[in-house]
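Here the structure comes first, spelled out in structure tokens, and everything after it is commentary.
Coordinate-derived values only; no laboratory data. As the structure is a prediction and not an experimental result, all values here were calculated from the model. Cβ: placed from backbone, ideal geometry, glycine included. Neighbour counts: every protein chain shown.
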Amino acid sequence: MFPFFDVGHPCRFDSSSTSRGSCIFPCRCTKGCDQDTGQCLDGGQCKDDHPSSYKWSEPACQIGNVAYHKTASQRTAKWNERYPASKAVDGSVERSYQHCAVPNGVGDTNAWWKVDLGENYNISRVIIYNGNKECQAGYFGWRCRFQCHKCPTCDAITGKCPSTCEDNRWGVGCMMSSGCYYDDEKGHHYMGRTSGGYTSGWRTCIDWADQTVKSDSMFPEGSRLAAGHYCRNPDTYNGGLWCYCNDNPNWVSCNVNHCSCDSRRFGVNCEKECHCNDENDNCQNNSPKGGCNSGCAPHFTGRTCQECEDGYFGVFCDGTCHCSSGSCDKTTGHCPSGCSSGWSGDNCQNEDQRSSSFTLSVGNSSDVNDHTQCASHNGAVAAGATVNESCTATGRYLSIRINGEADNHLTTLCEIVVIGHKYICMYPLFLSFW
């Protein structure tokens, strides 16, 4: 007699490890299962079929990550649509920003994330891989939206490549074509490299350093020597870019066109990036150029959304000031008035006592407000940290509520592993999964 299995099913466990039939439980053994006990046959072992390496475990290989590839959702806003909840259950534990789910929770106590497990599970613990707020190698900028051209070691903030750009590219992230200039001054700021120094008439340019009629300060590099033999427009000549030649006439115009920046960048040589509430907002074409029709993204302000709002600091305005009075320095976070109560450190980012930074809850309703708390994490969650919380509960939905500030709390969910199982009692083993 199998008191928990006798529910009209012809079998308890599928015998095949490759498909799910009509049995109550799937076989998770590498070489098939005993249909009554679920034990692995022919020396087989529990499958290791989760990319996050949480191997199914005994008894009967039924304990494992029950959230993998399940349906997830989160409190969303226009800006975080590129970082959907599903990224936290895709099996990847990559910590860079673009691989993570980002609930709308920077300083937002109403932020939440949840996963629908599909059916009731007994949950024992939850493992959270927090993001490190850094970009994947080869990407840079606010929210890591830009990819450097063939330069995986470019600076994650500025996009600057430590070596010469390949394929005659130039500029931020080596994204600019040498066949284009990106300013409204006839290429005065152009620092590209036309094909080997050849012009439209196939006349060879000579080094600017060989001429003395132009001063170093007239070149965007700051010197004639650095400009090499490439086309430049040191005196903002109305005809555009040009260079000196050895033969007559002793100069020639270059075939370099005026081009537009990527729609998410603007300014001279596309050096500034847009910070719009809607990331698809084309700030390049807005008025003023760089302005956002959708308004500035959270914590940015100004006509072109390049400044931090009062109370925030940092390159991407993602640091929160904790000053005793007034605002902090918007670059460093330093508080002239000193730190507010409970905060310390050079820029008042160390919290002396911390309340709950996030809570875990489980329930049978899709409404996160109906879930019952099973765990609460107190203390800072460091960037790139892995948090392992005991959460003993039964239900179909697991939710996370995120509290507090961006710097020390959980804000990027790169992977959520929910260890659980269905409740079964197996004769003759009489083992409980509880």
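At a glance:
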{"read-out": "Surrounding net charge for residue 252, when Lys and Arg each add one and Asp and Glu each subtract one, Cβ distance under 13 Å", "value": "+1"}
{"read-out": "Placed amide H near residue 27: partners under 5 Å, 5+ positions off or other chain", "value": "14"}
{"read-out": "Most to least packed among 361-371, 206-216 [average Cβ atoms within 10 Å]", "value": "361-371, 206-216"}
{"read-out": "Integer Hz, Karplus 6.51/-1.76/1.60 couplings in order for segment 147-156, x for Gly and Pro", "value": "10, 6, 7, 6, 9, x, 9, 5, 5, 5"}
{"read-out": "Partners for residue 214 among aspartates and glutamates (Cα-Cα distance below 20 Å; same-chain residues under 8 apart left out)", "value": "185, 235, 247"}
{"read-out": "Per-residue HN-Hα couplings for segment 171-182 [Karplus 6.51, -1.76, 1.60; θ = phi - 60°; Hz; x = Gly/Pro]", "value": "x, 4, x, 6, 8, 8, 7, 5, x, 9, 10, 10"}
{"read-out": "Amide H partners (placed H, <5 Å) of residue 139, local residues excluded", "value": "148"}
{"read-out": "HN-Hα J in Hz across segment 286-297 - Karplus 6.51, -1.76, 1.60, θ = phi - 60°, x for Gly and Pro", "value": "7, 10, x, 4, x, x, 10, 4, 8, x, 6, 5"}
{"read-out": "Lysines whose Cα lies under 17 Å from that of residue 160, excluding same-chain neighbours fewer than 8 positions away", "value": "150, 272"}
{"read-out": "Burial order of peptide ranges 330-339, 230-239, 165-174 (average beta-carbon count within 10 Å, highest first)", "value": "165-174, 230-239, 330-339"}
{"read-out": "Local electrostatic count, residue 369, Cβ distance below 14 Å [Lys/Arg +1, Asp/Glu -1]", "value": "+1"}
{"read-out": "Under 26 Å from the Cα of residue 31 - lysines, other chains or at least 8 residues apart", "value": "47, 55, 70, 422"}
